Ligand SMILES: NC(=O)c1ccc[n+]([C@@H]2O[C@H](COP(=O)([O-])OP(=O)(O)OC[C@H]3O[C@@H](n4cnc5c(N)ncnc54)[C@H](O)[C@@H]3O)[C@@H](O)[C@H]2O)c1
């Protein structure tokens with residue numbers, strides 16, 4: 001059973017997977033707020049909601065790393081839709097830099113967006129949550145190095161953050177879970193090619209993640225907490241880091 005009319009917050013909800021998640025909750029009959037730095041994306045989301053007769057759709061243009069604004073954001077949502085019952089922490093960025101190219105500013109930017117901001121926003125919301133649940137978006141890179149070190153490190157930290165929140169919220173019967181996408185195609189990004197996704201290359205769709213998030217936040221998952229569902233077409237089944245390095249020709253010494 002999936003309840004309706006919940007006050008849902010989706011961070012990073014203006015594009016890609018986050019947008020698909022926000023739309024899935026609206027289609028379920030929930031009151032949905034997205035929080036995103038992308039003003040145009042927020043406007044498009046509102047327009048889509050109006051055109052599709054979703055009356056309870058709100059967009060807040062804000063930067064999750066600005067912790068000082070969190071209280072104001074929460075108050076705004078509560079005023080419009082009531083206490084937040086479902087929090088989807090989806091915001092995440094990469095640095096697109098190798099370990100050796102990473103500057104302190106890149107490090108701070110990725111860690112602030114992927115960990116520090118979500119941690120303090122979730123803490124502020126969770127403190128007053130009476131019921132509901134929280135879902136975070138991690139990545140298959142929570143367990144596998146990527147080359148973009150700050151990104152993979154932030155996702156590994158997010159994995160522990162989920163477990164800590166799950167443990168701390170269990171006495172209130174508030175469940176905290178995660179989804180770990182593999183390569184997902186979205187409106188802005190065609191995923192990197194991996195040599196072998198068992199269920200097929202480039203088949204991951206934003207709705208595959210949205211469906212899992214909707215399930216985790218429903219009463220159908222009422223005994224699941226501290227769990228992270230991997231949605232990667234089986235990529236984690238194969239040793240793809242090894243396969244990637246295998247493609248690089250090894251140096252050959254000719255005597
Ligand atoms: N697309 C994939 O293949 C894939 C795979 C694994 C994990 N993920 C995870 O999914 C999440 C988003 O992926 P996506 O494909 O939807 O990407 P996306 O870039 O389309 O969406 C990210 C959204 O977050 C917003 N955002 C970025 N920084 C922000 C900030 N400081 N404050 C508020 N909003 C901010 C962006 O404006 C954007 O709307 C990330 O957590 C990412 O790590 C994606």
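The values are calculated or read from the model by the stated rules, or taken from the named source; none is laboratory data. Just so it is clear, the structure is predicted and the values come from calculations on it, not from any experiment. Every residue, glycine as well, gets a Cβ built from its backbone with ideal geometry; the counts of neighbours run over all protein chains shown.
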Problem set entry | Filtered residues of the stretch 175-202 (kept if at pLDDT 60 or above and within 12 Å of the ligand (Cβ to nearest atom)) | 178, 179, 180, 181, 182, 183, 184, 185, 186, 187, 197, 202
Exercise. Restricting to helices (runs of 4 or more DSSP H) lying wholly in the stretch 1-93: which have 1 or more residues that are near the ligand (Cβ under 10 Å from one of its atoms) and surrounded by fewer than 15 Cβ atoms within 10 Å (Cβ to Cβ)?
Worked result: 39-51
For this session: Could you check residue 96 against (1) farther than 23 Å from residue 212 by Cα; (2) assigned to a helix (DSSP H, G or I); (3) within 16 Å of the ligand (Cβ to nearest atom) and say which number it fails?
Result: (2)
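In this structure, is residue 99 modelled with pLDDT under 95, touching a helix residue (DSSP H, G or I) at 6+ places or on another chain (Cβ under 7 Å) and surrounded by fewer than 21 Cβ atoms within 10 Å (Cβ to Cβ)?
Yes; evaluated as a whole, the condition is true for this residue.
Can you tell me which residue is farthest from the chain's Cα centre (by Cα) among those in the stretch 215-231 that are part of a loop (DSSP other than H, G, I, E, B) and touching a residue at least 40 places away in the same chain (Cβ under 8 Å)?
First, the residues of the stretch 215-231 that are part of a loop (DSSP other than H, G, I, E, B): 217-218, 222-227.
Those still in the list that are touching a residue at least 40 places away in the same chain (Cβ under 8 Å) too: 217-218, 222, 224-227.
Values: 217: 13, 218: 17, 222: 20, 224: 18, 225: 16, 226: 15, 227: 14 Å.
In this case the residue turns out to be 222.
If you check residue 125 against the conditions, is it touching a helix residue (DSSP H, G or I) at 6+ places or on another chain (Cβ under 8 Å), at pLDDT 95 or above, closer than 30 Å to residue 29 by Cβ and away from the ligand (no atom under 14 Å from the Cβ)? Write out each step before concluding.
Values: touching a helix residue (DSSP H, G or I) at 6+ places or on another chain (Cβ under 8 Å): yes; at pLDDT 95 or above: yes; closer than 30 Å to residue 29 by Cβ: yes; away from the ligand (no atom under 14 Å from the Cβ): yes.
In short, yes.
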Exercise. Does residue 153 satisfy the criteria of being more than 22 Å from residue 3 (Cβ to Cβ) and surrounded by 18 or more Cβ atoms within 10 Å (Cβ to Cβ)?
Worked result: yes
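Residue-wise test of (1) under 28 Å from residue 109 (Cβ atoms); (2) touching a helix residue (DSSP H, G or I) at 6+ places or on another chain (Cβ under 9 Å); (3) without any contact (Cβ under 8 Å) to a residue 40 or more places away in the chain.
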{"site": "4", "(1), (2), (3)": "no, yes, yes"}
{"site": "10", "(1), (2), (3)": "yes, yes, no"}
{"site": "14", "(1), (2), (3)": "yes, yes, no"}
{"site": "18", "(1), (2), (3)": "yes, yes, no"}
{"site": "21", "(1), (2), (3)": "yes, yes, no"}
{"site": "29", "(1), (2), (3)": "no, no, yes"}
{"site": "34", "(1), (2), (3)": "yes, yes, yes"}
{"site": "40", "(1), (2), (3)": "yes, no, yes"}
Exercise. Somewhere in the stretch 179-197, is a residue surrounded by fewer than 21 Cβ atoms within 10 Å (Cβ to Cβ), over 16 Å from the mean Cα position of the chain (by Cα) and closer than 19 Å to residue 6 by Cβ?
Worked result: no
Problem set entry | Filter pass, residue 159 being part of a loop (DSSP other than H, G, I, E, B), in contact with a helix residue (DSSP H, G or I) (Cβ under 6 Å, 6 or more places away or on another chain), in contact (Cβ under 8 Å) with a residue 24 or more places away in the chain and surrounded by fewer than 24 Cβ atoms within 10 Å (Cβ to Cβ) | no
Problem set entry | Selected residue (criterion: surrounded by the fewest Cβ atoms within 10 Å (Cβ to Cβ)) from residues of the stretch 102-122 that are away from the ligand (no atom under 12 Å from the Cβ) and within 14 Å of the chain's Cα centre (by Cα) | 119
For this session: Quick one: which residue in 229, 209, 224 is surrounded by fewer than 16 Cβ atoms within 10 Å (Cβ to Cβ), modelled with pLDDT of 90 or more, touching a helix residue (DSSP H, G or I) at 6+ places or on another chain (Cβ under 8 Å) and under 19 Å from residue 134 (Cα atoms)?
Result: 224
